[in-house]
Amino acid sequence: MPDSTPDTVPAPRDAVSPDTTATAVITLDRPEKAAETPYGEPGKPLTRGPFLWGLTAALGVLTAWGLAQALVSARNVIVLIVVAMFLAVGLNPIVEALQRVRVPRRGAISIVFAGVIVLFVLFGLAIVPPVSQETSDFIKAVPGYVQELLANPTIKQLDADYQILAKLQQYVTSGDLGTTVAGGILGAGAVVLDAFFSGLTLLVLTLYFLGSLSAIKEYLLKLVPASRRTRTRAIGDEILTGIGGYVAGNVLISVIAGCLSWLFLTVAGAKYALALALVIAVADLIPLVGATVGAVLVTAVGALQSGTLAIACVIFFTVYQQVENYVIYPRVMRRSVDVAPAVSVIAALFGGALLGVVGALLAIPVAAAVALIVREVLLPRQARA
């Protein structure tokens with residue numbers, strides 16, 4: 001019986017090409033892969049040749065250089081932000097103390113901020129009038145000083161030899177003096193305006209950080225893995241408590257120095273005793289050298305008034321600095337920062353070299369924070385290794 005099956009089977013009318021069939025099979029077999037790559041399969045990665053390595057390295061160097069330039073350009077802003085955060089952390093214990101007596105946080109912040117502004121105003125009122133008076137007295141006394149100089153035999157001999165007065169008169173009448181004075185006045189005005197706006201910006205940033213300190217802390221904790229947040233929160237709270245205690249203790253020591261200096265200068269009969277005492281208090285905020293700088297300045301002012309007052313200032317400030325270094329400072333800072341004296345000195349030196357007075361102020365609490373992290377994190381990890 002012959003085979004009725006045809007040798008060839010006609011292709012259906014809707015037959016497709018092999019390529020289309022393969023694509024359809026891929027789409028039907030792995031639809032999720034087609035959905036993930038709607039524009040086709042990615043090609044092979046670029047060959048990591050010398051040119052690509054060199055281009056990547058050059059881009060990395062340019063990026064690092066650009067970031068460094070940006071940090072240098074924004075250095076003043078960064079310093080203002082760091083100082084504002086430091087002040088906010090230092091003032092936060094006072095706010096929390098007011099909250100414990102049932103004062104709302106906004107009200108407590110307003111009270112603390114108003115107190116800070118009042119202190120700045122009182123400082124200005126105590127410093128500006130004496131400086132203005134001394135400047136006015138000096139300007140009025142300049143003609144007398146000139147007459148005394150002209151009557152001095154040595155000055156007369158020097159003028160005869162080098163024509164000093166003639167050259168001075170020529171300089172005054174040539175117009176160079178006016179240009180120099182005008183430039184100096186403009187420069188001084190620019191410095192004053194810059195200081196004013198920097199101070200205003202610092203106050204605004206401090207108020208902002210003080211109001212949102214809790215929110216900032218909670219946001220930063222979210223960046224830490226959940227398994228480590230409890231321990232990180234405890235260490236962070238300890239660091240913030242130490243910084244707040246250091247700021248409060250440093251301010252307390254400065255207040256003690258200012259009050260005792262004002263009492264001594266008043267008894268000694270010094271002019272502008274309150275202004276000089278404020279200079280001592282502000283200078284005493286600077287670690288290591290602040291108290292010495294303030295004492296030298298006040299002693300120099302006392303020497304202009306009388307030699308006896310200068311000697312009394314030298315004796316008083318020498319004795320007081322010993323009492324402050326070995327009695328007052330250890331007792332006040334004992335519960336605030338746990339840093340060895342040598343570490344404090346080294347930290348203050350490095351901070352002063354990097355950021356000047358601001359770096360010296362921040363160095364000791366930063367060193368205390370680093371010491372706490374090393375003691376609680378690094379040393380236990382090394383012990384388990």
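The values are calculated or read from the model by the stated rules, or taken from the named source; none is laboratory data. All figures in this text were calculated on a predicted structure; none of them were measured in a lab. Ideal geometry is used to build each Cβ from the backbone, glycine not excepted, and the neighbour counts take in all protein chains shown. Quick note on the areas: whole protein, heavy atoms, side chains included, nothing else; ligands and nucleic acids left out. Shrake-Rupley method; radii C 1.70, N 1.55, O 1.52, S 1.80 Å.
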> What pairs can you find where one residue is in the stretch 54-75 and touching a residue at least 24 places away in the same chain (Cβ under 8 Å), the other is open to solvent by 60 Å² or more (accessible area, probe 1.4 Å) and not in a helix (DSSP H, G or I), and their Cβ atoms are less than 8 Å apart, with a gap of 6+ or different chains?
Replying inline: none
>> Tell me the residue from Ile185, Ile243, Ile235, Ile239 that is at pLDDT below 80 and aliphatic (A, V, I, L, M), please.
In response: Ile185
>> Condition first: over 14 Å from the mean Cα position of the chain (by Cα), surrounded by 12 or more Cβ atoms within 10 Å (Cβ to Cβ) and small (Gly, Ala, Ser). Now tell me which residues in the stretch 63-102 satisfy that.
In response: Ala97
> Does the stretch 218-240 contain at least one residue that is buried (at least 21 other Cβ atoms within 10 Å of the Cβ) and of a type in the set (A, V, I, L, M)?
Replying inline: no
>> Can you tell me which residue is farthest from Glu238 (Cα to Cα) among those in the stretch 350-377 that are without any contact (Cβ under 8 Å) to a residue 60 or more places away in the chain and aliphatic (A, V, I, L, M)?
In response: Ala353
> Looking at the stretch 328-374, which of the residues that are outside any helix (DSSP H, G or I) and open to solvent by less than 40 Å² (accessible area, probe 1.4 Å) is farthest from Val83 (Cα to Cα)?
Replying inline: Val339
> Mind checking which residues of the stretch 282-303 are part of a helix (DSSP H, G or I) and open to solvent by 20 Å² or more (accessible area, probe 1.4 Å)?
Replying inline: Val282, Ala291, Thr292, Val293, Val296, Leu297, Thr299, Ala300, Val301, Ala303
> Conditions: (1) open to solvent by less than 50 Å² (accessible area, probe 1.4 Å); (2) closer than 17 Å to Ala291 by Cβ; (3) free of Cβ contacts under 8 Å to residues at least 24 places away in the same chain. Pro380 meets all but one. Number of the miss?
Replying inline: (2)
>> Condition first: over 25 Å from the mean Cα position of the chain (by Cα) and over 22 Å from Val255 (Cα atoms). Now tell me which residues in the stretch 301-352 satisfy that.
In response: Ala303, Leu304, Gln305, Ser306, Gly307, Thr308, Leu309, Ala310, Ile311
> Quick one: in the stretch 235-278, which of the residues that are within 19 Å of the chain's Cα centre (by Cα) and among the hydroxyl-bearing types (Ser, Thr, Tyr) is farthest from Pro129 (Cα to Cα)?
Replying inline: Thr241
> Which pairs have Cβ atoms under 7 Å, sit 6 or more apart or on different chains, and link a residue in the stretch 121-143 that is under 17 Å from Val298 (Cβ atoms) to one that is open to solvent by less than 80 Å² (accessible area, probe 1.4 Å) and in a helix (DSSP H, G or I)?
Replying inline: Phe123/Leu278; Ala126/Ala275; Ala126/Leu278; Ile127/Ala275; Ile127/Leu278; Pro130/Ala275
> Residue check, Ala248 against (1) loosely packed, with under 15 Cβ neighbours inside 10 Å; (2) of a type in the set (Gly, Ala, Ser); (3) at pLDDT below 85, all met but one. Which one?
Replying inline: (1)
>> Only one of Leu274, Leu263 is over 27 Å from Glu96 (Cα atoms), open to solvent by 70 Å² or more (accessible area, probe 1.4 Å), among the hydrophobic types (A, V, I, L, M, F, W, C) and modelled with pLDDT of 90 or more. Can you tell me which?
In response: Leu263
> Pick from the stretch 304-321 the residues that are of a type outside the set (A, V, I, L, M), more than 18 Å from Gly258 (Cβ to Cβ) and part of a helix (DSSP H, G or I): which of them is least open to solvent (accessible area, probe 1.4 Å)?
Replying inline: Gly307
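Look at Val298 and say whether it is more than 27 Å from the chain's Cα centre (by Cα) and either more than 14 Å from Leu276 (Cβ to Cβ) or at pLDDT 90 or above (or both).
Working: more than 27 Å from the chain's Cα centre (by Cα): yes; either more than 14 Å from Leu276 (Cβ to Cβ) or at pLDDT 90 or above (or both): yes.
Yes: the conditions hold for Val298.
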> Which residue pairs have Cβ atoms under 7 Å apart, sit 6 or more places apart or on different chains, and have a first residue in the stretch 307-331 that is under 13 Å from Ala295 (Cβ atoms) and a second that is open to solvent by 70 Å² or more (accessible area, probe 1.4 Å) and assigned to a helix (DSSP H, G or I)?
Replying inline: Tyr320/Leu260
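What number of residues within the stretch 287-309 satisfy the criterion of being within 13 Å of Lys271 (Cβ to Cβ) and among the small types (Gly, Ala, Ser)?
Summing the residues that are within 13 Å of Lys271 (Cβ to Cβ) and among the small types (Gly, Ala, Ser) in the stretch 287-309 gives 3.
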